[in-house]
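This report refers to the structure that appears directly beneath it.
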Amino acid sequence: MPGRSGQEWIRLSMRTPGILIFGMVLSPCGWILDLTATVAPNWRTLQNLPNTASDQFIQQGIWTICQASTISTVQQCNLQDSAYFSNQVIVVAQGLMVASLIVTLIGLAVAIPGVRCWKDHPNWLVAGLGGVLIFLSGVMTIIPIAWYTHILKNVTTVTTGVTVNVGYCIILGYIGGIFEVLAGLVMFIGICRCCGGKNRGETRVEEVTSRYNRQRPPPRRVDVPRMNRVPSSVSSSVPYSKDSLDDDVSFPRAKSPAPRSVNTSYSGRPYDADL
């Protein structure tokens, strides 16, 4: 990893950086397409063959040649054509396509330990080295396919009137090679910190600190109202009397009981219970 030049960097999450996810998803897809282009016998198609039925055509790959028909699904493979297989482009394509598949697997095996997401910081050096291998595997795929496409009609001598068309292996090989080139290139970018560390999902420590201080709201000021109590010695400005308060009621008051009179003089005859 390069020096930090006096600046501290921090990752705000444990997620794997997007460039590594992009590379680890795109490279296996390219490997599958390259594998199909390597083993399938359809790099080019020959139609309108002389002395054959009009519905039959020949599919030529880098490992085998098959004869098929437009009205039947039965194919006859392993046809012999020494002039075709001895061509230089076929020999180079066989070696480079197999090497590309092997190098892609090695690149993935190297990159996986550096992309583990349960670590705080990915091992960018290891992941970048895996990206270089994946990039080279894509280049090794594109070279023979581009060469074969360039001399498509001149790979072997073709009889006049025969139609030569590009097979689906060429298209799949181009797509797979481009996938691997992009995947390896993007993963290699992680070795160098660029775009302010966004390619690695990192941020400068001082930026995080200043952002936190800027987003933190200031303390809210709370105004507590003051209660002014009127001293008891100060008379109210509203004149009232006790009698007026008693009369100003909205409900009837209970009548007060009449005072009991106590008669202290008794002139009657006493009873026996009083003795």
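Each reported figure results from applying straightforward, stated rules to the coordinates on display, with no laboratory input. Note that the structure is predicted; figures quoted are calculated from it, not measured. Cβ coordinates were reconstructed from backbone atoms using ideal geometry, including for glycine residues, and neighbour counts include every protein chain displayed.
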| Can you list residues whose amide H is under 5 Å from residue 65's amide H, if they're 5+ apart or on another chain and H is modeled 1.01 Å from N? | 78, 79
| request: With a point put 7 Å past each Cα toward its Cβ, work out how far residue 47 is from residue 171 in nm, to one decimal. | output: 1.3 nm
| said: Give me 180, 8 sorted ascending by neighbouring Cβ count inside 10 Å, so fewest comes first. | reply: 8, 180
